[in-house]
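Note sheet for the following structure.
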Amino acid sequence: MNLTLKQMRYVTAVLHKGSIARAAQGLNISQSSIVAAIDQIEAELGQQLFRRIPARGLVATDLGASVGARLEAFLDEARVLESDLLSMTGRPAGVLRMGCYAPTAPHVLPTILKAIRADFPDIRIELKEGDMHRINQMLAEGEVDVALTYRRETPEKQPFEAMFRAPPWALLPWPSPLAEHGTVSLEELSRLPMILLDLPGTRRYFKGLFENAGLGVDVAHTTKSSLVLRGLVGAGFGFSLLNICGVQDRDGSSGYIARPIRGEIDSPRFGVAYTAASAKSALVQSVLSTCREIAQRGAFASLLLAEPESTTK
């Protein structure tokens, strides 16, 4: 069978997306290239890999699902082989695909990418962003090798290297009476309208902090953008909660200010998620070692409004 790595990727993309058009868009190639790859492998096997169902797109046959699983396993091994061959000189080299939970990207990526470039200048990083659901999907579908995300939304079986715990903190209009205090409580916050970051996993987590304390909260506005969220708080529409604290959140110059929350509170772990297959790669192991080292020396302490706790896998 004469099937290239590219054609294998095209077929597995269709299996995941359920559509030639969506697969082509995700891969940034023409639909005709994907159709040609499917036609070739179906012709050589003498059987269909997909059923064309109106209004549902392409649905994998039993053979198609089995072939797709074998192709994905082979592609994972091919990526590991490629990086290992490039690294045989003693310096890890090649392309590593990294996903990142979008709201945290501006805060954690610069530190991590600078450290990787300093430690392993021959590694090139390709970045993809998304919400936590999308990050898990990218890992499961092999779109990324590693992902920077919170542990609370990754499957328990997912390998995960924790870098720090991120206690939630309050974002308050500045100036305002409650913001005058050095710290705030959930009870004090529950009396104010809330601006909620409404992404997969965040609604349940942030509202759950109040529910677990026996408190209600009035969600006045929701947004999927942490930038819009900050703007709404700065305009006096309410308070919000976040886990990563940027420099701009601390001085009140933008109309809002960050304040730590008193008491015992659920503080999720943030770190690097990866797959068992990608863990075999010299590139992934190199990046994990860099992330581990910079976490141990407290490189992320400036992002937290509380002392970072020790982390475990």
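The values are calculated or read from the model by the stated rules, or taken from the named source; none is laboratory data. These numbers come from a predicted model, not from an experiment. Counting neighbours? That spans all protein chains shown, and the Cβs are built from the backbone with ideal geometry, glycine included.
For residues that are buried (at least 20 other Cβ atoms within 10 Å of the Cβ) and touching a Phe, Trp or Tyr at 6+ places or on another chain (Cβ under 8 Å), scanning just segment 142-153, find the one that is farthest from HIS107 (Cα to Cα).
ASP145
Here are some residues: ALA60, ALA73. Which one is of a type in the set (A, V, I, L, M, F, W, C), surrounded by fewer than 13 Cβ atoms within 10 Å (Cβ to Cβ) and in contact (Cβ under 8 Å) with a residue 40 or more places away in the chain?
The unique qualifying residue is ALA73.
What residue, among those in segment 189-217 that are touching a strand residue (DSSP E or B) at 6+ places or on another chain (Cβ under 8 Å) and in a helix (DSSP H, G or I), is surrounded by the fewest Cβ atoms within 10 Å (Cβ to Cβ)?
ARG203
State all residues of segment 137-188 that are under 25 Å from ASP76 (Cα atoms), touching a Leu at 6+ places or on another chain (Cβ under 6 Å) and in a loop (DSSP other than H, G, I, E, B); if no residue qualifies, say none.
Correct list: ASP145 only.
When you go through VAL272, VAL284 one by one, which is the residue that is outside the structural domain of SER185 (by TED's automatic domain parsing), closer than 22 Å to GLN158 by Cβ and assigned to a strand (DSSP E or B)?
Details: VAL284 fails: assigned to a strand (DSSP E or B).
Of the residues listed, the single one that is outside the structural domain of SER185 (by TED's automatic domain parsing), closer than 22 Å to GLN158 by Cβ and assigned to a strand (DSSP E or B) is VAL272.
Which number in (1) without any contact (Cβ under 8 Å) to a residue 60 or more places away in the chain; (2) touching a Leu at 6+ places or on another chain (Cβ under 7 Å); (3) within 21 Å of GLY142 (Cα to Cα) marks the one condition that LEU3 misses?
Result: LEU3 passes all but (2).
For residues in segment 276-299 being crowded, with 20+ Cβ neighbours inside 10 Å and within 17 Å of the chain's Cα centre (by Cα), which is modelled with the highest pLDDT?
Per the stated criteria, the residue is CYS291.
Only one of (1) in a strand (DSSP E or B); (2) modelled with pLDDT of 95 or more is not met by LYS128, so which one is it?
Against the list (1) in a strand (DSSP E or B); (2) modelled with pLDDT of 95 or more, LYS128 comes up short only on (2).
Out of (1) modelled with pLDDT under 95; (2) in contact with a strand residue (DSSP E or B) (Cβ under 9 Å, 6 or more places away or on another chain), the odd one out for ALA220 is which?
(1)
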